[in-house]
Structures are given as C-alpha cells and as structure tokens.
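Reading through the structure tokens given below for one structure.
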Amino acid sequence: MSDEAPGPTLIQRVKQLLPDRNLRGPVGWMLDRQLVLSLREIFLYSAFGTKFDARNWMVGRERDFALEMGSEEFWFDYLSDSGDGMRATYSIAYLAQSDLFVTQQAKAGEEIAFDETPDRPRRIPRGAFLFVGGDTAYHVADFETLTERFQTPFNFAFRDLDAEGKLAAPARRPIFGIPGNHDYYDFLDGFNRQFRRPYDPEPRFDTRDEGDKPQLVLEGFERKQWASYVSLELPFGWRMFGLDAQNGTMDRRQKHYFRSILEDPKKATDKLIVATPEPIVSFGRQVTPESEYAKTFKDLGLPRPFLDPPEPLPAGHCRLDLAGDVHHYARYWGANPGEATDASYSSVVSGLGGAFLHPSSTDVGEVPSKARYPLPRVSLAKVLERILKPWMIIRGGRLWLIGILITGLIYSGAASSESLRSVLQPIFEHVGLSLPSLPPDPEVTTSYDPIVHALGGLRSTLYGERFIPPDPAVGKPAPLVGSGLWHRELAYLPVLFAVLLWGSWLNVRLDQRAKKEDIRFNYAAYRWPIRALFLTAAASVFWVYIYPGYGEYGNFHPLASSFIMLALLAASFLGLLWSRAYDEAMNTKARVRGRLTLADQVHGWLLWIFTLLAWIFGLARYGVDAVSVMAADSGYLIVVLGTLIGLPLFAWSVGGALKGILGKAGFFLLGIWQAFLQLALPLLLVIACPPWVALLAGVATVGFSWLAAWIAPHLLRRDDAGERGSVGWILFAAWLFWDGLLLALIFSHPTPQKADWASCLVALALGVVLCCAWFGWYLAVSICFDGHNNEAGGGARIEQFKQFIRFRLTKEGLTGYVIAIDDPQEDGRLLKPRLIDVFEVRPG
C-alpha cells in the first residue's frame, strides 16, 4: 500500500487552473439591466447613425499573406457573434488558439483530439490569422463590454494554453474583423480599439508582467487592420474581402476601394472569399435582385450565383460568401469532400462564436441547406424546453416589470379613477362582472389597510371638477364624465393624420429618387406636401374655433380629451420625423447644388412650426381637466393602446417577417390574442375571484407551462416543417384550452371583490407570472411557424452549441472544417470538439 497522498481531483484541478474567474452567463434580452443601460447608444445610432459616419477618415490598406505561403497549404480561422456567454466565448477562444487533430479522412460527425493519436494523426493547425465576422460583443460592443466579454475569455484561454505548453509558435497572430450592428451601436469606437492597428507598436505581451498593458489587447493576437473593411491577399491566388456593409449597403469610398482591386489585372480575384456582416442566404430564403446585398454585389461587379436564376461564376472562378449575425450554422451550396458536383460557390452562415442560439429550425425552404447545426429538431426542442418555463423569461431580464406596470396601472385605475371606471363599468356589467370597490370612507374602518388608504387618496386626487365648464354662461362646472367620447368637431383629426402620413411617405420616396437621379431631380417637389400640411392644419383650426356650431370647450369625456391630446402629440412627433427627413434631403441638395434657397429654408421652418404648435393646440383646446386626471388618463391610454396596437403590429412585422400576407395576418391575430391576455386576464381574475383563488390560478398556470415545457420537446421526431407546424398547432390548442379554463373560472361564479392589500398584491403577482408565461407561450407557438426566431433565441438564452470554422487553402481549392462543441466548459481540457461539417469550394 502506497503512502503517497492522492492526487487532486478533477474539480480541484479545474479550480487550480481557474483562480478568481467569474465567467458570466449570456446577457439578458428581455429588458436586462445592461440592455436598458445600452438603449441610449442603440437609440442614438438608430436616429443619427446615417448622419455621423465613423468611416469618414478611414483608409483601406491591403494585407499580404502570400509571402507566408507554406509548401502545400495555408490555414486561417473564422468566427462571428462572440462576446456573449463568457464560458462559451472562452471555449471557442481555446479551440481557435489550439492545434487540433482528426482522422486522415476528416469526415463530418467525428470527434476531434487536442493531441496526436494513432487514430487522430492528421493535424489541422491554428490559423495564420483570426477573422471575426461582426457583433464582437453584446449588447453593445463598447470598451467595457469588449473588455469583459471578449478580451477576458480570450486571454484566459491563451494563458491556459500557455500553462499547458500547447501554444504553437508564433504565439501572437494577426486578428481582423468587420463590424456588425452591435459594433455600430458604439459608433465603431470599441471596434476600432479592438481591431485597428495601434499608433504605437504593441509590446510583446508577457503574462508575468503585472503592470499596465495596452487597452483591449489580446495576448494571442496582434492588431494589423487599418479600417473597418479589409482586403487580404492570401496564398495560392486566393483573396478575402471583409465588407463593412450594414444592411447590405456600402459607402462610396469603400466601393471604390474594392472596385480598384477587382479591376486591377495584377491582382487575382478569381478565387474569392467575401465576408459580410449579415448572411447573403439565411433561413432558406431565396435572395431577390431587389435586396440590398444583391445590389451591392452588382455595384462591385461580382456575379450573383445566389439569385434564381443564378448568375454563374466565370469559368475557373470560385467564391465563398461568409457571414454570421444569425446564431446557428448553415451551409447552402458547396460540396462535401470528394463530391463531383459543382463546388464553385457556397454561402455559409457561421454565427455561433459565443452568442446565444438562434433556432436552426426556422426554414422557408426556398433554398435547401446542405448542413445545419444544431439539428433543427434538437435546437427547437431546446428552445421550447426553456421558453415555456416562466422562470426562464423572468431570469432573462426585466420583462416582468412590464407585467407589473400593465396590471398595476389598470388595477389602480379601475379602483380609483372615475373617468376610467365610467367607461369600464358598463362593459363589465354587461358580462356580469363588477369593478373592485373601496370602502365608502377608509378613515372610519376598524383596521388600517395601507392599500385602501392609498387607493382612496388616489381616488380623491383623480375625482375633481373640470377645470373649465363647457359653457361659461351656465356658471357651474360640468360633471366629470362630460357629454361623450366623440363629437363631429374631431372630423379634422383623420384628415390631418392622412396628410401627415402621406407627406412623410412621399418625402421618403422623393429621397430615394433623389439618390438615384442625383442632379436631374427637382427638389422643389419636396415643398408642396409641406404646404398641403400647413393648409390642413390651418383649416383644422378654422373648423374648431371659427365655424359656428362645432364643439364647445370642455365638451368631451376626460378620457376622450386625454386621447385627443395624445393624438396631437403623435402628430407633433410625426411632424418632427418629417422635418428631420426634409433636413436630410436639403443636406443632399446642398452637397449636389452647393447652396439652399430661401424657399428651401422656409419650408423647413414651417415643419418645425407645425411640430411645436400641434401639441400646444392640443393642450389649449382639450386640456380642460386637472393635471392629475390628464396624467393618469394618458398613462392608461398609452398602456392600453400600446399593448392593443403594438403587440399585433409587432407580431405582423417581426413575427411574420418570413411570411406572406396570409402568414402575417395569422401572426397579427396571434398578437391580438396575446394583447387581450396581457391586458385583461390578470384584472379579470382579481375582480371576479377571491385573492387566494386568483393566486392559485397563477400557480397552476406556471405548473401547466412547466408540463408543456417537458412534453413539447418529445413531440419532435423529424426535421421537416410539417412536424414543426403540427407541434405549433398542438401548443396553440393547449394554450387556448388553458385560457378557456381560466375564463370559465372567472365567469362561472363571479364574486365582487374589494380593493385591499391582498387583491392588490395578487394582481401584481399575476402581472409578473402571467406576463412572462403568456409571452413564453406566444414565442413557443411562433417559433414552430418560423416566426420570432431572434426573440425566441434571446428568450431561451441557450449557451450550448458553439462553433467556428478552420479553413485550409490550396492550389486546388478551399476546405472548411466546421468545429463545434455541444457543451462549453470553463476548463478547455474538458471540451469535446467534433466536426459537424466539412465542405469544399473549388474552381469550376
């Protein structure tokens, strides 16, 4: 028996290797704190990104790797969409900085080794450089986020490999990249710090040195890039373009840069790799000639084999279009090794460099994929398993605050606001329900209930005489409810909005024509819609104030007055958007013609005057109630209308993005049902059932959702769209069945309830639980019908299934080895990588 102490366990070895590490999980997309803090940058880029171009002072320079050519092959690595879950990013960084070993044939599906073995004798070495295809970190790729979620995992991986003695020389290799939309939210500041060549040479990075180190430096890589776009001359006549083309569009200087290379007879471009921020082909959708990327490739003079019918590549040419942005792996066209089919073109989606998983099941089916990872049924099962659990939605951010806001505001208004109660009470009485009531005098109750006192005080605040009576000759104020919700005075509102929407749309169309026709276009066409708007506004004022017999001041129900004020505020906002679009058009004219006329400037001022006076007119004409009443009623209207209108439109435009008109209409109806549940069901449960019954209903809903989360994945057996649709219908039927049970509970024996602390707390709890539960069900049904891929992936936040591509270039062609891991680890030695696809692109 040996006296030697036992060696450290696996867990102990991991802890020794990972001192003081805190590898945070994926970021939250459901109103996560970091996302909320990033909304400022996202809004600024959305509003001004086209005006402030961060590329204005960039100069593209080509990097030549041709002299680094080996005798027979050249290797490089590609990954995209990193900097999310730190464990996942670390795992990919560990693999991307490692030499790996495969069988001699290297077929898809086989396991990969970190060391050479008799059955894994073939080495696929670490690439000569790493190319990052966009979205380097989430939510916004600014300095702080890049430091935490990109630099830190990569440096951890480098140090681990250094400690294990597995770093292949040279230890530091070039890194290149192109920006995605999350890089642009920081106006490329973080991207430039991470990728652009520093002014001073970077010192050799010594992990033993604890002093100051260069900002955003990666210990295993060197920054060699000059601009946000790049051209790399590679061995064996290959060339790689990295396009900075957000939404498929490029600026003129960048087009000129790439055209100069394509048109130079001394520079070979017959074997070309084109990296773009978004994939050319995704979700199996056929690209049309009208798409922005199709136009950009045409402008560059590049054939478009992705069209139907395709534009074939010239004889002896081949091309690979490569992108991330969509967080799964998919390959369209291309050949498996040894296939005799045409392998001159392939389009690849490679977006699992660390980001959460977008379900690979979403597939329009217009372009068949040659490979997908993970398998569609596997990814869909994982997503359904997570998003049907309300706890996962709650953990994914602060979406539950929306539930509290909606339910809390409506419940307090139904209990305290006379203007809201006067509208809701007849509706509820018609279906046999009653709104929550307060004791007649909270001050004389025997027990102190803070909720009752708070709601009673709110009622006193929101119950008051109108600020101005409808008829000053009467001498007494009007009753709170006023005379009605509609009056013929309001006939001007639809006319005004029609002119506003038409003029804004026309301005956009004119701007598009101006960009195409340039100097030949008549910019005076921008003016007459503004004149029409101003005449309509003047006629509206005449209609309201001067023409006899229409509308008396204060003649509307308080809720109607607040609605009209909100409508005129919306009109003011539309005028602001129009004025900004007009300013952009005049800036274009100034660049083309050299100066603006007085008429150009006057019409801009007319739009600004309308923007200002529309809201002032609304307040002066319809602001007849106490400020507290107007503020509360406006809050109710914003929440209710925002939910009733916003959710269906969100479902139509985002959920049905891959669908035709009928599919969009289906999603629109699904959005209406979702809006009804979010607005009405928590309130109905609280006003019709005792608090403990309503609370049990919420708990039962959670249990039912968890049961569905366990059952739904087992219904998936195949990868075809028909089975996905069948599972979607089953989930939708189960959803309706449970909603029917809750509605039956509400209307079977409704019991009028008082507004007290118990019912108020239960209302807020139901707002949290049901908001997250129903949104999970909405996403689960949607993803089965190829809708809301991004939202379902963001809600599920799956950190599994990550991949990158190691490319091998030879004289004969390109081979892509797609390396994946199903389960990321905090210790790289525990990873179990495997090949999930091997494909070739070679001259035709």
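The values are calculated or read from the model by the stated rules, or taken from the named source; none is laboratory data. Remember, it's a predicted structure, so these values are computed and weren't measured experimentally. Glycine gets a Cβ as well: all are built from the backbone with ideal geometry, and neighbour counts include every protein chain shown. The accessibility values were calculated without ligands, DNA or RNA, using every heavy atom of the protein model including side chains. Shrake-Rupley method; radii C 1.70, N 1.55, O 1.52, S 1.80 Å.
Some observations on this one:
- Within segment 473-512, tally of residues that are at pLDDT 70 or above and not in a helix (DSSP H, G or I): 1
- Restricting attention to segment 711-738, the residues that are crowded, with 18+ Cβ neighbours inside 10 Å and outside any helix (DSSP H, G or I) total 1.
For every residue, the table says whether it meets (1) assigned to a strand (DSSP E or B); (2) over 25 Å from ASP162 (Cβ atoms); (3) touching a Leu at 6+ places or on another chain (Cβ under 6 Å).
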| site | (1), (2), (3) |
| --- | --- |
| ILE783 | no, yes, no |
| GLY795 | no, yes, yes |
| GLU799 | no, yes, no |
| GLN803 | yes, no, yes |
| ARG806 | yes, no, no |
| THR815 | yes, yes, no |
| PRO843 | no, yes, no |
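- When every residue of segment 339-347 is checked against the conditions, at least one turns out to be assigned to a loop (DSSP other than H, G, I, E, B), at pLDDT below 90 and of a type in the set (Ser, Thr, Tyr).
- Flag for LEU272 being touching a Lys or Arg at 6+ places or on another chain (Cβ under 9 Å) and crowded, with 16+ Cβ neighbours inside 10 Å: yes
- Residue check for GLY660: under 26 Å from LEU566 (Cα atoms), modelled with pLDDT under 95 and open to solvent by 20 Å² or more (accessible area, probe 1.4 Å): no
- All positions within segment 230-249 that are open to solvent by less than 10 Å² (accessible area, probe 1.4 Å) and outside any strand (DSSP E or B): LEU234, PRO235, LEU243, ASP244, ALA245, GLY248
- Residue within segment 739-756 that is among the charged types (D, E, K, R), surrounded by fewer than 16 Cβ atoms within 10 Å (Cβ to Cβ) and at negative phi present: yes
- Residue check, THR611 within 25 Å of GLY642 (Cβ to Cβ), modelled with pLDDT of 90 or more and over 30 Å from the mean Cα position of the chain (by Cα): yes
- Among all positions in segment 735-756, there is at least one residue which is over 29 Å from SER417 (Cβ atoms) and under 29 Å from the mean Cα position of the chain (by Cα).
- For the criterion of being surrounded by fewer than 23 Cβ atoms within 10 Å (Cβ to Cβ), in contact with a Gly (Cβ under 7 Å, 6 or more places away or on another chain) and modelled with pLDDT of 90 or more, VAL367 passes.
- Those residues of segment 116-170 which are of a type outside the set (A, V, I, L, M, F, W, C), surrounded by fewer than 19 Cβ atoms within 10 Å (Cβ to Cβ) and part of a loop (DSSP other than H, G, I, E, B), in sequence order: GLU116, PRO118, ASP119, PRO121, PRO125, GLU164, GLY165, LYS166, PRO170
- Check on SER437, crowded, with 22+ Cβ neighbours inside 10 Å and touching a residue at least 24 places away in the same chain (Cβ under 8 Å): no
- Scanning segment 276-307 for residues that are without any contact (Cβ under 8 Å) to a residue 24 or more places away in the chain, part of a loop (DSSP other than H, G, I, E, B) and not aliphatic (A, V, I, L, M), we see that the one that is most open to solvent (accessible area, probe 1.4 Å) is GLU290.
- For segment 381-397, the condition holds for at least one residue, the condition being that it is closer than 30 Å to TRP757 by Cα, in contact (Cβ under 8 Å) with a residue 12 or more places away in the chain, in a loop (DSSP other than H, G, I, E, B) and among the charged types (D, E, K, R).
- The listed residues are ASP115, ASP142, and the only one of them that is in contact (Cβ under 8 Å) with a residue 24 or more places away in the chain and among the charged types (D, E, K, R) turns out to be ASP142.
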